[in-house]
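The structure under discussion appears below in the form of structure tokens.
The values are calculated or read from the model by the stated rules, or taken from the named source; none is laboratory data. Predicted, not measured: the structure shown is a model, and the values here were computed from it. Please note: Cβ atoms are built from the backbone with ideal geometry, for glycine as well, and neighbour counts cover all protein chains shown.
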Amino acid sequence: MTRSAGYTVGEADIVLFAAVSTDFSRLHTDAAYAARGLFGQRVGHGLLGMCLAEGLLSRRRPSNAIVFAWEWEFAAPFFIGDTLRAEAEAETIEDGATLSVAEETVTVFNQRNEVVQRGRHLLARPRDGEGPDWAEKALNGPAPGFEEFQASDTEPVPPSTTEKEFSDETGVFFEDLAVGDGFRTPAFTVGEYEAGAFAGLSGERGPWFHAESAAQAAGLGARVVAPLFGLALVEGLKYSLAPDHGVGIPMASLSWRWRQAAPIHPGDTLLAEVTVQGKRASRSKTDRGVIAQAISLIAEGRGVVQHGQHVQMFRRRPPGLAAPRP
């Protein structure tokens, strides 16, 4: 088992993560708004916790390793001042001529030993030495064994009990999204600042994220961006569509299933295509519902570089509030 050191989350971490990922969701940045939400105060970005956990674990293993696929769940929120640490148990699932792949089960704890996140990822290492193609193979997938979350309403949806005070929310409610709805986000060009700042914030140690020569020696052609940056950016790109597009009004992020398909390089222009896969209203807490989205992150001129599924809890529309115009 690998056990990381701890990391105490500060205000600066949330501010920098919001700036780098472009995810300025009010749950993380607006204290007055967050105070009336599910957790009663601002919360750290779920993906910030995930990135910090991966960075903490990377400091406990050799630098010649790349994590390239994730299946991750958010069990509880974390807040400014919380100290996070991670534990991982590994099992080798592929041992090829050039590449060894391990599946690690990861648990993230706070300072009270409460589980805040859990999941698994695939970790690639060179099988024998550092051949010229192992890193390229890892960063081009595939990721076996990761199953998607299924969400579908098979019974009538119970009436909403959302309080009228939430009628001023910006965005669309659970009821306003239908299975099959899709949208495309604005584009974002990844600069040297975002690539370097993200690697520093998350603690990514891989030399191919920092040095051109190391990336070329690993067969990558040019320096690459830490894979989790793509996932972090997706959430920011979706948020940039608010308030009048199909991003919904999130109450909490529940899980991600995410795979690398090709490397991301500084200078790439990225956008996300999102389709609603399924939705399910809560029967016990009728102010909310769950929506699953299929997402592809696309580099202009190169195609899909990352893809997966995001499952979120959305607020339902208060009774009597008119639906938005089509």
Qualifying positions in the range 4-32 - under 23 Å from L57 (Cβ atoms) and polar (S, T, N, Q): S4, T8, S21
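Among the helices (runs of 4 or more DSSP H) lying completely within the range 3-49, list those that include at least 1 residues that are under 20 Å from R112 (Cα atoms) and in contact with a Leu (Cβ under 7 Å, 6 or more places away or on another chain).
Once the helices (runs of 4 or more DSSP H) in the range 3-49 are filtered for at least 1 residues that are under 20 Å from R112 (Cα atoms) and in contact with a Leu (Cβ under 7 Å, 6 or more places away or on another chain), nothing remains.
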For the range 191-220, which positions are within 25 Å of L99 (Cα to Cα), in contact (Cβ under 8 Å) with a residue 60 or more places away in the chain, small (G, A, S) and not in a helix (DSSP H, G or I)? G203, G206, A218, G219
Selection count, the range 159-186, where residues are outside any helix (DSSP H, G or I) and exposed (fewer than 14 other Cβ atoms within 10 Å of the Cβ): 8
Which of the residues belonging to the range 154-179 are within 21 Å of Q277 (Cβ to Cβ) and either among the acidic types (D, E) or under 22 Å from the mean Cα position of the chain (by Cα) (or both)? E155, G171, V172, F173, F174, E175, D176, L177, V179
What's the number of the only condition in (1) among the aliphatic types (A, V, I, L, M); (2) within 19 Å of F209 (Cα to Cα); (3) within 16 Å of the chain's Cα centre (by Cα); (4) surrounded by fewer than 21 Cβ atoms within 10 Å (Cβ to Cβ) that M50 fails to meet? (4)
Taking interchain pairs and intrachain pairs at least six residues apart, which have beta carbon atoms under 7 angstrom, with the first residue in the range 89-114 and surrounded by fewer than 16 Cβ atoms within 10 Å (Cβ to Cβ) and the second hydroxyl-bearing (S, T, Y) and modelled with pLDDT of 80 or more? E89/T105; T92/S100; E94/S100; Q111/T83
